[in-house]
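This report concerns only the one structure given below.
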Amino acid sequence: MSPLGPRRGPKKILDSAIVGEQGVTLVKQRVLDMKYSWATTTAAFDVGIDGIIEIRDPATGEALNHIVQVQVKATDDRWPHETATAFEYLCEERDLNHWRRGNAPVVLVVTRPSTAEAYWVDIKNYFKTPQTQRERRVRFNKSRDKFDASSATAVRRASVAPDSGLYVSPLQRAETLYSNLLPVTRSPRALFYGSTSLGSAAAIRQALGENAKVLSEFAFRGKWILSVHDLTAPEWRSVIDRGTVESFRTTEWSGSDDSDRIVTYTNLLQRCVSERLYQLGMRWNKSLALYHFRATPDLSERRVTYQSLKRTVDRGVFKRYETKAGKPYYRHLALVPQLLRLGGEWKLALTPTYYFTLDGTRTHPFYESKLKGIKALENNNAVLGQVAFFASICSDPQGDLFTSAALYPHLGFGPLERFRLEVGIDERTWLPKEREVTADDASAGEDVAEATASELLLLLGETDDASGASA
C-alpha cells in the first residue's frame with residue numbers, strides 16, 4: 001500500500017448524471033415555455049424533488065403564490081412496454097410515499113432528452129385509490145400526457161385547490177371557431193303552388209309515374225302542393241288543378257311569418273336536400289331518420305375525394321369489417337341534416353353519424369351498440385373532421401378552378417360558418433381527458449377517426465397560434 005493511502009482512480013462524471021441534468025434542463029425549458037417560473041432544488045437537499053414551478057398569470061405577469069413540486073426521471077433508453085402511443089413507468093415505493101405525504105402538489109415528469117420527449121402526471125390525483133397505490137405503475141399516453149406549453153393550464157390546475165377561486169386571465173390570442181352550420185346561399189328561383197285532388201305524397205308520385213324521380217322536389221300539405229317545378233307543365237296534368245296554380249318569389253315563403261308557410265317551405269327545402277344528397281351517393285333511411293352512403297355494387301370500400309382548405313384529401317364512406325368470429329358487416333358514413341331559420345336566415349345544420357349493415361342493405365341487428373361503441377371512441381377532432389367533409393361536398397364549389405362544376409339548381413350552400421374570437425380557448429386542457437380505450441370498445445368501433453389532428457389542421461386550422469383549431 002502506498003504511504004499516502006489507497007490509490008484511487010480519476011474522478012468521473014457518469015453518463016447517467018449527464019442524462020439526469022439534461023432531463024432537468026428540458027423540463028425547465030418546458031416550464032419557461034408555459035410562462036411560469038422554475039427553481040431547481042439545491043442538490044444537497046434533493047430528496048425526491050428536482051425543482052419547483054411557481055405559477056404566474058401569463059397575461060399580466062402576476063405571481064399567484066401557487067407552487068408545484070416536480071420530480072424528473074430521465075433516460076435515453078426505451079421505457080417499459082413502450083409502443084408508438086404509450087409506455088409504463090414503475091414508481092419506487094419510497095418515492096411514492098414521499099410524494100403523497102406532503103402538503104404541496106407533486107408532478108412526475110418522465111423525459112428522454114435525446115428525443116426531447118417529456119410526459120407528466122399529477123401524482124396525488126393519479127394515485128388516489130388503494131389499487132393504484134399498490135400497483136405503483138403509471139401508464140402514460142404519449143399524445144395525452146405531453147409536458148409542453150399546451151400543458152400550462154392543466155399544470156396550473158394541479159397547483160390549485162378546487163375551492164380556491166383562482167382567476168387567471170384568458171390567453172391573449174385570436175382564434176377562429178367553426179360551427180356545424182352551412183348558410184343557404186342559393187334558393188329556388190321561383191315557387192309554384194297549386195291544388196290537387198290526390199290524398200298523399202305517395203299518390204302524387206304514383207301519378208307522376210316515370211317523372212317522379214326528376215320532379216321529387218315538392219311539398220304536400222292538405223290538398224295543396226308547393227314545388228320548385230312549374231306546376232303548369234304537362235308532366236303535372238294528372239296531379240294539379242291547373243286553374244289554381246300560382247307562382248311566387250321565393251322570399252314570400254322563406255321570409256314569411258306565417259307558421260303554415262314556414263312548415264311547408266321547410267318541407268320543400270328538405271326535399272331539395274334529399275335530392276342533393278342522393279346525387280352525392282346517399283340514401284334516406286326513414287326508420288332511423290338519417291342519410292347514409294350507399295353500398296358499392298361489389299361491397300368494396302368506397303372513398304370520396306374532396307377539397308379541404310389546404311389540399312385535396314379523401315375519406316372512407318363505406319367499408320367492410322369483420323367480427324371476431326369472422327362474420328362481415330359494413331359501416332356507412334351517415335348524416336342527420338336539419339334546416340333552421342336563424343335570425344331570418346336559413347341554415348343547414350350538419351350532424352355526422354354512422355350506419356351499420358349486415359350486407360350493405362339490411363340494418364345490422366346490433367346497430368345501436370356498434371354506434372355507441374364508435375361514438376365513445378371518437379374525439380372532437382374526428383367529429384370536426386366529419387363535419388368538414390360534409391360541408392365540403394354539400395357546399396357550392398369555391399374558387400375559379402371549380403366554377404365550371406355542375407351545380408344543383410334549386411339549392412346551394414356556402415362554406416361552414418366561422419366566428420372570430422380575440423380570446424383563445426385551449427381545448428386540450430378544458431375538455432375532459434380521453435379515457436383509456438378498452439378491448440371491448442375497440443371491437444365495437446374499429447377505424448374510428450380517419451381525420452387525425454394534423455389532417456384537421458389542414459382542413460380547418462386558421463389560428464394565430466400553433467395550438468390548433470376549435471369547434
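The values are calculated or read from the model by the stated rules, or taken from the named source; none is laboratory data. Just so it is clear, the model here is predicted, and its values are computed rather than measured. So basically every Cβ, Gly included, is an ideal-geometry build from the backbone, and we count neighbours across all protein chains shown.
Values for this structure:
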| item | result |
| --- | --- |
| From the options 377, 358, 335, 384, residue that is without any contact (Cβ under 8 Å) to a residue 60 or more places away in the chain and more than 21 Å from residue 276 (Cβ to Cβ) | 358 |
| Enumeration of residues in the stretch 194-229 that are closer than 16 Å to residue 253 by Cα and surrounded by fewer than 18 Cβ atoms within 10 Å (Cβ to Cβ) | 221, 224 |
| Criterion: free of Cβ contacts under 8 Å to residues at least 60 places away in the same chain and in contact with an Asp or Glu (Cβ under 9 Å, 6 or more places away or on another chain) - qualifying residue of 92, 88, 54 | 88 |
| Looking only at the stretch 340-395, and only at residues there that are of a type in the set (Asp, Glu) and either outside any loop (DSSP other than H, G, I, E, B) or at pLDDT below 90 (or both), the one that is surrounded by the most Cβ atoms within 10 Å (Cβ to Cβ) | 378 |
| Meets criteria (within 22 Å of residue 31 (Cα to Cα), in a helix (DSSP H, G or I) and of a type in the set (Phe, Trp, Tyr)) for residue 99 | yes |
| Residue satisfying condition, being more than 33 Å from the chain's Cα centre (by Cα) and more than 29 Å from residue 332 (Cβ to Cβ), within set 214, 245, 263, 228 | 245 |
| Single match in 288, 268, 215, 198 (criterion: at pLDDT 95 or above and aliphatic (A, V, I, L, M)) | 268 |
| Residue identified as touching a residue at least 40 places away in the same chain (Cβ under 8 Å) and among the small types (Gly, Ala, Ser) among 325, 295 | 295 |
| Some residue of the stretch 155-177 being of a type in the set (A, V, I, L, M, F, W, C), modelled with pLDDT under 95, in contact with a helix residue (DSSP H, G or I) (Cβ under 6 Å, 6 or more places away or on another chain) and crowded, with 16+ Cβ neighbours inside 10 Å | no |
| Qualifying position, being buried (at least 18 other Cβ atoms within 10 Å of the Cβ) and either among the small types (Gly, Ala, Ser) or in a helix (DSSP H, G or I) (or both), among 277, 333 | 277 |
| Qualifying residue in the stretch 246-256 (condition: assigned to a loop (DSSP other than H, G, I, E, B) and without any contact (Cβ under 8 Å) to a residue 40 or more places away in the chain) | yes |
| Residue tally, condition part of a loop (DSSP other than H, G, I, E, B) and exposed (fewer than 14 other Cβ atoms within 10 Å of the Cβ), over the stretch 296-330 | 11 |
| Residue that is under 26 Å from residue 97 (Cα atoms) and either among the β-branched types (Val, Ile, Thr) or crowded, with 18+ Cβ neighbours inside 10 Å (or both), where the choices are 41, 60, 85 | 41 |
| Condition check for residue 78: in a helix (DSSP H, G or I), at pLDDT 85 or above and either hydroxyl-bearing (Ser, Thr, Tyr) or in the same structural domain as residue 143 (by TED's automatic domain parsing) (or both) | no |
